[in-house]
Amino acid sequence: MNENETGSGDVVAKPAFHRRGVGGVVDWRLIDVDNSVERDPRQALSRASLALPRDHVRTVSKRTTTAAGMAAPTAAPGPPRSAAVSYLRIKSDLHQQLLTDLDRRNLINAGEEQLAEVVEDFVDQALQLQELPLNDNERRQLVDDLLEETLGVGPLAPLLADPAVTDVLVNGPYRVYIERFGHLEKTDVRFRDTEHLVRIIQRIAARVGRRIDEASPMVDARLPDGSRVNATLPPVTIDGPTLSIRRFGRRRLRREELMNLGMFSAAMRDFLEAVVRGRKNLLISGGTGSGKSTFLGAAAEAVPDRERIVTIEDAAELILDQQHLVRMETRPPNVEGLGRITARDLVINALRMRPDRIIVGEVRGGEALDMLQAMNTGHDGSLTTIHANSPRDALARLETMVLMAGLELPSRAIREQIVSAIPLIVHVRRYEDGVRRVQTIAEITGMEGDTPQLQDVFVFRPQAGSGKRLVGSFVPTGVVPRVVEQLRAENHLVPLHLFQPGA
């Protein structure tokens, strides 16, 4: 049926806009179909067709391509500028388009410089082609946020930029906690959904050559700044993905800074510096988050720059000043269950690399045996850490780990190896006020029967609380350790007044 015909076949006259030009002046009038001027403009307007002529409309393709080959973002249908459109929704929509284009061009795993260039080009195109209800500050922020979403840790970036934050704990997409000044706090940070959190986790793992998925739902990784990362996926964690980030700051806290923060005293600093320079082995014990790795890095400052150091870690996090440094890292098995490299493999290999010192970030298993053998066979001055609640517990755990090597060694033989290899244990603890301090420096004096003997050289004695901070002092016990005599015999000056109570 013709659009001007009714169901009865009658023709209905429709007025339309017609253009007349006189002397270059354009005059639009409402002309009825019988070419008579409509006397009542309101009635004519109500019957007029206001559609633009097709020959006056320029058709624009829905999707264009930039010079770089990136498909430009399309304008998503939505409310006009006056409507309340959230910045987060716009960022989310553009991020999804960006990921689609990166996947199409096989750039998901590209280098950071290339990705940064692609993201900046994408945002430029989005701002040019779309009528985004954003102010100037939000437009500038959009570039940074999309870069962070693509290259970094997404919504966690502001938390990691805070130097006071030491831990970031993500329990699913909507519950994010931080540790600040030794206390846990819940934040307002949220992920968009579970898929968003999983994508961030997989990107962190991919940057260090690790993988995490349903077949391999756990991973240890690290961020570019050295922060340690652990992540899990269902079904290992029933309620959803988790992410734990242990931060070590943008730079390592140096020995003097730790002393000023109250981690140890000047006398303890001078004594341990002489111990490390004198190539005496050192075991650092403590609980989770007590500052073992931080203290290990500070103790390693005393290693002369001329010596060759080999570090072995599950996730490389130590930051050392020395130039002659070789860093080694364990590797989990691949999809086929092959290619695993354990800390024990690395310790054995390190012995063939002509090291002056071997530093094991943390002993957790059978590598303890090879570490003890290295300490007892010419690799003096080695350092390592262990999880334990006290120096006595550290010795018991070390013995257990040696047995994990699979050799049927008698307990007495293992303990003799420990006593011979390790003269000192430094135990660190995080106290109730959140401050990490050296609780005890203990010397292993020998064996009495089948039991290793310990004596405290320095201890921290808490006295009272002043506000939120614990008040106490680092006190020498008055015992001059046997290692001092050995150091003085090797021309390493150790003042005896360091060990005098009240000095």
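The values are calculated or read from the model by the stated rules, or taken from the named source; none is laboratory data. The shown structure was predicted, so the numbers you read here are calculated from the model rather than taken from an experiment. Don't worry about glycine lacking a Cβ; one is built from the backbone with ideal geometry, like all the others, and counts go over all protein chains shown. Accessible surface is based on the protein model in full, side chains and every heavy atom, while ligands, DNA and RNA are left aside. Shrake-Rupley method; radii C 1.70, N 1.55, O 1.52, S 1.80 Å.
Based on this model, can you work out whether ARG308 counts as in contact with a Pro (Cβ under 7 Å, 6 or more places away or on another chain), over 30 Å from GLU214 (Cα atoms) and surrounded by fewer than 17 Cβ atoms within 10 Å (Cβ to Cβ)?
yes
No other residue among ARG412, ARG352, ARG392 is without any contact (Cβ under 8 Å) to a residue 24 or more places away in the chain and either over 31 Å from the mean Cα position of the chain (by Cα) or closer than 27 Å to GLY262 by Cβ (or both) apart from ARG352.
Note on segment 190-214: among residues that are surrounded by fewer than 19 Cβ atoms within 10 Å (Cβ to Cβ) and β-branched (Val, Ile, Thr), the one that is farthest from THR166 (Cα to Cα) is THR194. Of the listed requirements (1) within 19 Å of GLY289 (Cα to Cα); (2) open to solvent by 30 Å² or more (accessible area, probe 1.4 Å), ARG175 misses just one: (1).
Here is the figure for segment 419-431: residues that are at pLDDT 95 or above and either closer than 13 Å to MET268 by Cα or in a strand (DSSP E or B) (or both) total 6.
Taking segment 260-371 as the region of interest, the strands (runs of 3 or more DSSP E) fully inside it that hold 2 or more residues being within 28 Å of SER473 (Cα to Cα) and among the small types (Gly, Ala, Ser) are 282-286. Scanning segment 453-474 for residues that are at pLDDT 95 or above and not polar (S, T, N, Q) yields LEU454, ASP456, VAL457, PHE458, VAL459, PHE460, PHE474.
Looking for something more than 22 Å from GLU120 (Cβ to Cβ) and either of a type in the set (Gly, Ala, Ser) or open to solvent by 70 Å² or more (accessible area, probe 1.4 Å) (or both) - is there at least one such residue anywhere in segment 139-162? No, there is no match, as no residue in segment 139-162 is more than 22 Å from GLU120 (Cβ to Cβ) and either of a type in the set (Gly, Ala, Ser) or open to solvent by 70 Å² or more (accessible area, probe 1.4 Å) (or both). Which ones in segment 164-204 are closer than 18 Å to ALA221 by Cα and of a type outside the set (D, E, K, R)? Within segment 164-204, THR166, VAL168, LEU169, VAL170, ASN171, LEU197, VAL198, ILE200, ILE201, GLN202, ILE204 qualify. Taking each residue of segment 212-239 that is closer than 16 Å to ARG175 by Cα and looking for partners that are open to solvent by 50 Å² or more (accessible area, probe 1.4 Å) and at pLDDT 85 or above with beta-carbon atoms closer than 7 Å, six or more apart or interchain, yields THR232/MET218; LEU233/GLU214. The residues of segment 178-189 that are open to solvent by 30 Å² or more (accessible area, probe 1.4 Å) and either part of a helix (DSSP H, G or I) or under 26 Å from GLY287 (Cβ atoms) (or both), listed by number, are ARG180, PHE181, HIS183, LEU184, GLU185, LYS186. In segment 120-137, the residue that is least open to solvent (accessible area, probe 1.4 Å) out of those that are among the acidic types (Asp, Glu) and in a helix (DSSP H, G or I) is ASP121. Among the residues of segment 300-329, those that are of a type outside the set (A, V, I, L, M) and more than 30 Å from ALA231 (Cβ to Cβ) comprise GLU301, PRO304, ASP305, ARG306, GLU307, ARG308, ASP321, GLN322, GLN323, HIS324. Quick check on segment 237-245. Is at least one of its residues open to solvent by 20 Å² or more (accessible area, probe 1.4 Å), at pLDDT 90 or above and assigned to a helix (DSSP H, G or I)? Scanning segment 237-245, I find no residue that is open to solvent by 20 Å² or more (accessible area, probe 1.4 Å), at pLDDT 90 or above and assigned to a helix (DSSP H, G or I), so the answer is no.
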